[in-house]
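These notes concern the structure reproduced below.
The values are calculated or read from the model by the stated rules, or taken from the named source; none is laboratory data. Because the structure is a prediction, the values reported are computed rather than measured. For neighbour counting, all protein chains shown are included, and Cβ atoms are generated from backbone atoms with ideal geometry for every residue, glycine included.
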Amino acid sequence: GVVDAVIATDIAKFPDDNLGEALQRLPGVTVLRTEEGQGGTYSVRGLGPDFTKTLVNGMSVPSTGIITGSYAGGGGGGRGLDVQAFSADLFQSAIVYKTYSAEIAEGGIAGTVSLKTASPFDYDGQQLVFSARTSQASRAEEGDPGYSFLYSNTFADDKWGLLFAVNQNERTARTDDANQARGNYLSRFPSVGANSPLSKVLGPELPRTITFYEQLERTGFGLVLQGRPTEDFDINLNYLSANLDRKHERHSIGAWLRGNWFTGDQDLVNPVVANGAFVSGTFTNTIVWTDESRVNRETDFQQVVLDAEWRVSDDWTVSGLLGASTVELSTPVNLRPYASVVADVFVSLEHDNFPVFTPANTNFSNPTGWIMQRHRNQSSQSEDSVDSFSLNAERLFNDTGLTGISFGVQLENKDIQFDRYRTQFSNKN
């Protein structure tokens, strides 16, 4: 089998704060980033997150909901894992299996990623780790504190062990963006027409500016109890929880250059074209469109795993696992209002295609000129749970031909419930 791994050589010293960033160190693993630049989900060998199986402490985990920013329509329902919910401080290794094996849980067409938290028997005696940090993004202009605490110890002549870990961190991000979302031929305007030399020149359809804010608050907790009452028997109880609270704000304003659905008589005046490319022009009877998005989401992950291994003899080993895992993804607030006003707009792309649009003879601060075009609230609630059981055995042989045989059974039950509620009113006139 082909296996790649990232392993912490010391307790609580995983190489990246974000699990996705750590997995990206491995060949064939690509991180899919959120609008804020954080590693959100990952794909293996070019196939998307839904084709990758993820195990945490040996058992399958439910989806934490794929969220790529404020445009996500409520979240949930996918099969991929959004690793933003987990702090890397809780984990000790990340292993990527790129080839099939009967002993690995089914479901990863692209590959299987196995994440393992730290255990007290991995280290000698008492361990105490504490770290604190703060960071500040230049655009957000807010400090983001974070801390991590881990305690591990073994007792009764190293027959029993306890590990306790907790961490909390925050992140604030702001992105300012200007773009022209789409392009279309100028022949769509009456003053140009299909027979004009300018008819095949592409002009902007939606020059706009966007400001995007995000606040993340992540809390993680881990508890591991390990026992080795005899040299031949190990038993482990592992509890892991993660909570991620997200708040998004998105503000956008742009010029709608695809026609005026109020009056239907938008036109282009005084177009300037250089080297076959649109440079500037005035668009009459243009809808200036502003929209806002506010999304609050909370991800709550819980997992309990009990596993044991019995080395019956030099030839026989028996192991088993029993576990339950649940993810609740709640989006109580997903507001998106739209408003528009009609004006003549001068649009210029002279600055390296950086769109600048200037409305004429319009007082934006006068509320009577605005039309409340649409208002939407879309809330959702999803719950994804997995129950796992496995019982395996291994028999080793001493002859030079067949060295051993492994066999066992794995049972897995997955249940998803997803509810979405949407309220919307529109007024195009």
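One line per residue, one yes/no per condition, for (1) under 20 Å from residue 172 (Cβ atoms); (2) without any contact (Cβ under 8 Å) to a residue 24 or more places away in the chain; (3) more than 23 Å from the chain's Cα centre (by Cα):
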residue	(1), (2), (3)
264	no, yes, yes
269	no, no, yes
275	no, yes, yes
279	no, no, yes
288	no, no, yes
292	yes, no, no
295	yes, no, no
300	no, no, no
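Only residues that are in contact with an Asp or Glu (Cβ under 6 Å, 6 or more places away or on another chain) and of a type in the set (A, V, I, L, M) were counted in region 257-278, giving 1.
For beta carbons closer than 6 Å, sequence separation of 6+ or different chains, a first residue in region 79-101 that is more than 30 Å from residue 330 (Cβ to Cβ) and a second that is among the hydroxyl-bearing types (Ser, Thr, Tyr) and at pLDDT 80 or above, the qualifying pairs are 95/114; 97/112. Comparison of 291, 300 shows that the only residue that is surrounded by 16 or more Cβ atoms within 10 Å (Cβ to Cβ), touching a Phe, Trp or Tyr at 6+ places or on another chain (Cβ under 8 Å) and among the acidic types (Asp, Glu) is 291. Quick check: is even one residue across region 17-29 over 23 Å from residue 146 (Cα atoms), modelled with pLDDT of 80 or more and either of a type in the set (A, V, I, L, M, F, W, C) or part of a helix (DSSP H, G or I) (or both)? There is at least one residue in region 17-29 that is over 23 Å from residue 146 (Cα atoms), modelled with pLDDT of 80 or more and either of a type in the set (A, V, I, L, M, F, W, C) or part of a helix (DSSP H, G or I) (or both). Evaluating residue 167 against the criteria (1) surrounded by fewer than 17 Cβ atoms within 10 Å (Cβ to Cβ); (2) in contact with a helix residue (DSSP H, G or I) (Cβ under 8 Å, 6 or more places away or on another chain) leaves one unmet condition, (1). Exactly one residue among 199, 191 is in contact with a helix residue (DSSP H, G or I) (Cβ under 9 Å, 6 or more places away or on another chain) and hydroxyl-bearing (Ser, Thr, Tyr), and that residue is 199. I want to confirm something. Restricting to region 208-239 and keeping residues that are surrounded by 17 or more Cβ atoms within 10 Å (Cβ to Cβ) and within 30 Å of residue 346 (Cβ to Cβ), which single residue is farthest from the chain's Cα centre (by Cα)? Only one residue tops the list, namely 208. Count, please, the residues in region 90-132 that happen to be charged (D, E, K, R) and either closer than 21 Å to residue 227 by Cα or modelled with pLDDT of 90 or more (or both). Summing the residues that are charged (D, E, K, R) and either closer than 21 Å to residue 227 by Cα or modelled with pLDDT of 90 or more (or both) in region 90-132 gives 3. Among the residues of region 302-325, is any without any contact (Cβ under 8 Å) to a residue 60 or more places away in the chain and not in a strand (DSSP E or B)? Yes, some residue in region 302-325 is without any contact (Cβ under 8 Å) to a residue 60 or more places away in the chain and not in a strand (DSSP E or B).
Residue count for region 191-207 under the criterion of being among the charged types (D, E, K, R) and buried (at least 16 other Cβ atoms within 10 Å of the Cβ): the result is 1.
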